[in-house]
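What follows is a short report on a single structure.
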Amino acid sequence: MASALVLAGCATAPQDDGASAAAAQISARQQEYLNAFNAPRNPVRATQTGIRPGYTFVGIAETDIAEPLNWRILAPNGAVAAEGMTIPQGFHEGSNANIQLVITDALRTPATQLVLDVEGVGKSHPFDVSENVFNKLKYDTLRYFYHNRVAVPIEAEYAGGQQWARPTGHERELLTCFSGSDKYDVKWPGCDYKLDVSGGWYDAGDHSKYVVNGGVSVWALLNAYERGTKGFEDGAANLPESGNGLNDLLDEARVNIDYMLSMQAKPGMEAPILRGNMSGQWETAEPELTDVSGMVHHKSGDTSWPDFPVMPHESNRARALAPPSTAATLHVAAVGAQCARVFQGIDDAYANKCLSAAKRAYKAAQRLPDVYAYDNIPGSGPYGSTDVREEFYWAAAELYATTGAAKYADDLKRYQSELDQWPISEYQQPSWSATSGYGILTLSRFAPDENIRAEAQAALLNTTNGYVQQTRFEGYQIPMSRGVWPWGSMGLLGNRGVMLGTAYDLTGDTRYRDGALDLLDYVLGRNPRDLSYVAGHGENAFKAPHHRHWAGAQYEGYPLPPPGAVAGGPNNTDPAGPVARVIFDQCHAQTCYADHVDAYSLNEVAINWQAVTFWLAAWADDIDRAE
């Protein structure tokens, strides 16, 4: 963050000797950004992890040669595992380059360190063919959440090495409401209560915690459990809770469920809130002290941005509760209901606690449906929302799936009718701000009424059929537009992968399976950056996230990211921060990325895209295995 301020602040500075020196330093930093953007890339790209035997292999050759070319897949000893001719695809707008395609189903024998060699173009990074090619990936992507636990020490035994061990950060968080002036100079009076909101997960590169992003992340872990994903039996993921008799996915999810439940206001609590859309009305805004019983505070964390870099236990920023929001309240309603469904019969007391919180949250959101969240509280990300129709739909879907109560089915239909577009289209995917897709995914498996379940499945297939069609027109063979890549694009791909993976589970149609695996291949290296966006997985994996303490690529004494951390990815829609501004005029949709710690709009890690990448990796390891 500091470098962004320096770049902006020096643009109009007087050019004395000191300023000239500063300008030279700025130029050197900008050159770092350009160097990261222009990092060497092989012209031949493929997954840098690998495929399971017999699955379709896809490779890409970036070349101006127009005619088909010979290709071979070579073992380390020079033996040819497969060969054929490329398929010219022409110009690819997403990378501003001409490409050719390699497709083969011939890799049926396990092998290691294979490379794709395209005549006259070059070779790919190595990859494997193995039944367990995604096994380490699923455990590493899950371990990210342990690394980012709050209020406990991170121990080398569970973290994967001493370099990632650290003392406890933010051990006891007994916080009260934010008070003082916000970014719009609105005066917030605070409240007369405190909540113990210790624990949970740090959200991203900062040290704050967010209910809305935590909600969709917990949902992905619990949904992986609900679909029956194997390999996470007690102790398999090597967590501190190993040996407690509980599936490791539930152990990890419970860490953040507990935090989310702690953010709910108790009966009789009053807090200042703003109701209605405040856009253009901030000058006259006056928070009103209101009974917020059952409502959920939007986030908790620093009231000024922490230093960069800094370890959590060394950060001393003041912390507070952001005001309650309808969106956060509905996330607790949805995830609380899902928690109750999952833990029923495993820990009935906990299931009942979750369901009670969910019902209270749902009623509170109906009572206060227009308490919106904005980018007004300093020191943390906004996760703002002024349209919560999809959150209401999702919460009703989860409560209906858990309870079977007719009132939730009725609400579901009413909320569905209020949405602009239902079923969701092939141009959409679920996210923290567009949650109806999570409701559809839940109902497609667990709706008690067969007609509602069939309707949800039809909505899911409407979307995933669109994804499959989209793949035909996208040179990199993924169900995603060539030209519009938003902040957190890896999360967008992961959510589409969850949709496709669920469609495959329900239908057995291999088009959906292959589409989901194509997305995973893209994340792992088959992309215009020739980069694995998962740390530690692939010969050319990203290593410089925007993260307060995984900053070792730029700052001595700090570690590199652990294996399994997922980068945000290319972003050509919101060039925020110093790196994006420097490279924006030179990049194209799928190349607007630089592996640098200052690139917060491109290279930050976050629990939401981490969670869906985990879901996809675990699904890919789990499917098509004999019982």
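The values are calculated or read from the model by the stated rules, or taken from the named source; none is laboratory data. Bear in mind that the values here come from a model prediction, so they are computed numbers and not experimental data. Please note: Cβ atoms are built from the backbone with ideal geometry, for glycine as well, and neighbour counts cover all protein chains shown. Just the protein is used for accessible areas: all its heavy atoms, side chains included, with ligands, DNA and RNA removed. Shrake-Rupley method; radii C 1.70, N 1.55, O 1.52, S 1.80 Å.
For residue 313, tell me the accessible area in Å² from a 1.4 Å probe, rounded to the nearest 10.
70 Å²
Tell me which lysines have Cα within less than 25 Å of residue 363's Cα, excluding those fewer than 8 residues away on the same chain?
Result set, ordered by chain and number: 194, 209, 266, 299, 353, 407, 413.
Which order do the peptides 91-99, 189-197 take when ranked by the mean count of other beta-carbon atoms within 10 Å per residue, highest first?
Result, highest mean Cβ count within 10 Å first: 91-99, 189-197.
Accessible area per residue of the chain at 1.4 Å probe, in Å²?
Per residue, the chain has 36 Å² of solvent-accessible surface.
Hey, if you put +1 on the Cβ of every Lys and Arg and -1 on every Asp and Glu Cβ in the chain, which of 292, 602, 404 ends up farthest toward the positive end of that dipole?
After comparing all options, I get 404.
On the accessible surface of region 104-179, probed at 1.4 Å, how many percent belong to carbon and sulfur atoms?
Carbon with sulfur: 47 percent of the solvent-accessible area.
Considering only protein heavy atoms, with the full assembly of protein chains and a 1.4 angstrom probe, order 417, 208, 130 by accessible area, largest first.
I get 417, 130, 208, largest accessible area first.
Using alpha-carbon positions, what is the distance between the centroids of region 393-453 and region 574-627, in Å?
Centre-to-centre distance over Cα atoms comes out at 28 Å.
Students often check this: by mean Cβ neighbours within 10 Å, which of 264-273, 209-218 ranks highest, and how do the rest follow?
209-218, 264-273
Taking a spot 7 Å from the Cα of residue 108 along the direction of its beta carbon, which residues of region 51-85 have an amide N less than 16 Å from it?
Those under the cut-off are 52-57, 81-83.
Calculate the FRET efficiency for residue 284 and residue 258 from the Cβ-Cβ distance with a Förster distance of 35 Å, rounded to the nearest 0.05.
With a Förster radius of 35 Å, E is 0.35.
Report the gain in length on full extension from residue 576 to residue 230: 0.36 nm times residue separation, minus Cα-Cα distance, nm rounded to one decimal.
Result: 120.6 nm gained on full extension.
Counting other Cβ atoms within 10 Å of each Cβ, which trypsin sites (Lys or Arg not before Pro) in region 406-477 have at most 14 and sit in a DSSP loop?
The qualifying sites are 472.
Once both labels are modelled 7 Å past Cα along the beta-carbon direction, what's the residue 83-residue 162 spacing in nm?
About 5.1 nm separates the two model spin labels.
So for the pair residue 244, residue 270, with labels modelled 7 Å out along Cα→Cβ, what separation do we get in nm?
With each label placed 7 Å out from Cα toward Cβ, I get 3.8 nm.
For residue 91 and residue 451, compute 0.36 nm times the residue count separating them, minus their Cα-Cα distance, and round to one decimal in nm.
125.1 nm
Could you compute the FRET efficiency for residue 171 and residue 39, with r as their C-beta to C-beta distance and R0 at 41 Å, rounded to 0.05?
0.55
Test of understanding: what is the full-extension gain from residue 152 to residue 386, defined as 0.36 nm times their sequence separation minus their Cα-Cα distance?
Net length gain for the segment: 80.8 nm.
Taking all protein chains as present, what is the carbon and sulfur share of the accessible area of region 388-460, in % to the nearest whole number, probe 1.4 Å?
44 percent
Helix-derived [θ] at 222 nm for the chain: sum -39500 (n - 2.57) over DSSP H runs of at least 4, divide by residue count, nearest 500?
-12000 deg cm²/dmol
How large a share of the accessible area of region 210-273, in percent, is made up of carbon and sulfur atoms when the probe is 1.4 Å and the other protein chains stay in place?
Carbon and sulfur atoms account for 49 percent of the accessible area of region 210-273.
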